[in-house]
1. Take the range 243-262 and flag every residue that is in contact with a helix residue (DSSP H, G or I) (Cβ under 9 Å, 6 or more places away or on another chain) and part of a loop (DSSP other than H, G, I, E, B).
2. Within the range 272-287, does at least one residue satisfy the condition of being within 21 Å of the chain's Cα centre (by Cα), over 30 Å from residue 16 (Cα atoms) and part of a loop (DSSP other than H, G, I, E, B)?
3. Please enumerate the residues belonging to the range 148-175 that are assigned to a loop (DSSP other than H, G, I, E, B), surrounded by 21 or more Cβ atoms within 10 Å (Cβ to Cβ) and touching a strand residue (DSSP E or B) at 6+ places or on another chain (Cβ under 8 Å).
4. Any residue in the range 187-205 that is in contact with a helix residue (DSSP H, G or I) (Cβ under 7 Å, 6 or more places away or on another chain), surrounded by fewer than 18 Cβ atoms within 10 Å (Cβ to Cβ) and at pLDDT below 95?
5. I'd like the residue in the range 210-222 that is under 14 Å from the mean Cα position of the chain (by Cα) and over 21 Å from residue 170 (Cβ atoms) and, out of all such residues, is surrounded by the most Cβ atoms within 10 Å (Cβ to Cβ).
6. Can you name the residue in the range 52-61 that is touching a helix residue (DSSP H, G or I) at 6+ places or on another chain (Cβ under 8 Å) and either at pLDDT 70 or above or part of a helix (DSSP H, G or I) (or both) and is also surrounded by the fewest Cβ atoms within 10 Å (Cβ to Cβ) among such residues?
7. So which of 244, 251, 219 is in the same structural domain as residue 287 (by TED's automatic domain parsing) and at pLDDT below 90?
């Protein structure tokens, strides 16, 4: 059975119950598992699992008198901080908006990125913002590529940190999307979708009636617009999907094949690295390498194929990923009235 173990205790029982639900959903198929009993405020979350997950998800409901928490009213904010582009850009924007930003990072949640906490610490130093590095271990296996409640476990820790240190009861994320769960693969994107966050907020309203998770970025384009103005922060951010142990090999392969020099924290092959390079090339922030640019487009196409969403044409491919007009593409002159070869297929 999967368990959630925290070095620091949660600040409230309702957060413990969310942790328990994380563990329960990991092993829900086991008939011997004792089903937990939750307050009715959890019904909205269970409804999401029932609608979008292929298994029946039975949970008993019972009223529980959760003790309310007094909000901390100030301009402090706890930002869940990975050290990636989104969280760094979000920190910069919140500070510009007048918040005192406290960063919160969790070790071990992203097991493939063992260096993530070191990157987060370095980025915090460059930002000049205080950071608390927590240690939360989620032991055991689950059936999903990414557990749909992972970010809720992080949110629990960020809120507990703010309450414990009397800093703030306001928390923020830099990387959840404005899309709905129905439009995304459940096993990959559930934890980032608005439906999931709305259910989390609904649950937390039992103890903090005005609770809201802040997100001040509209899309990846805004992230890149902000962070590329801060070269050192940009170069040291970690927004690559390749696991830590494999990243150097992919990085070296891209360098040797295309002659492109990337930050050591980029593999150059995952779709996040691909979007980044296309953006930089189109905005004249890096040298344009046509062969590598087309390779990056090819990587984006492969993501769509893996999701079962193959675009009809190049423009649809572009609009799925990029946040600016296709006319700005460095290869637009090749696709306006002609064609470009991607993934072995000629896209008109």
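1. 244, 259, 260, 261, 262
2. no
3. The first filter runs over the range 148-175 and keeps only residues assigned to a loop (DSSP other than H, G, I, E, B), leaving 148-149, 165-170, 173-175.
The next check asks that each one be surrounded by 21 or more Cβ atoms within 10 Å (Cβ to Cβ); those that pass are 148-149, 168-170, 173-174.
Once the filter is applied, which keeps residues that are assigned to a loop (DSSP other than H, G, I, E, B), surrounded by 21 or more Cβ atoms within 10 Å (Cβ to Cβ) and touching a strand residue (DSSP E or B) at 6+ places or on another chain (Cβ under 8 Å), the range 148-175 yields 168, 170, 173, 174.
4. Checked against the condition, which is being in contact with a helix residue (DSSP H, G or I) (Cβ under 7 Å, 6 or more places away or on another chain), surrounded by fewer than 18 Cβ atoms within 10 Å (Cβ to Cβ) and at pLDDT below 95, the range 187-205 yields at least one hit.
5. Across the range 210-222, the extreme among qualifying residues is 220.
6. For the range 52-61, the residue satisfying everything is 61.
7. Numbers: 251 fails: at pLDDT below 90; 219 fails: in the same structural domain as residue 287 (by TED's automatic domain parsing).
Sole residue among the options that is in the same structural domain as residue 287 (by TED's automatic domain parsing) and at pLDDT below 90: 244.
Rundown of residues vs (1) crowded, with 17+ Cβ neighbours inside 10 Å; (2) assigned to a loop (DSSP other than H, G, I, E, B); (3) at pLDDT 90 or above, yes/no style:
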position	(1), (2), (3)
83	yes, yes, yes
86	yes, no, yes
98	no, yes, yes
106	yes, no, yes
114	no, yes, no
120	yes, no, yes
126	no, no, yes
133	no, no, yes
136	yes, no, no
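The values are calculated or read from the model by the stated rules, or taken from the named source; none is laboratory data. Remember, predicted model here, so these are calculated numbers, not experimental data. Here Cβ is always computed from backbone atoms with ideal geometry, including for glycine, and neighbour counts include all displayed protein chains.
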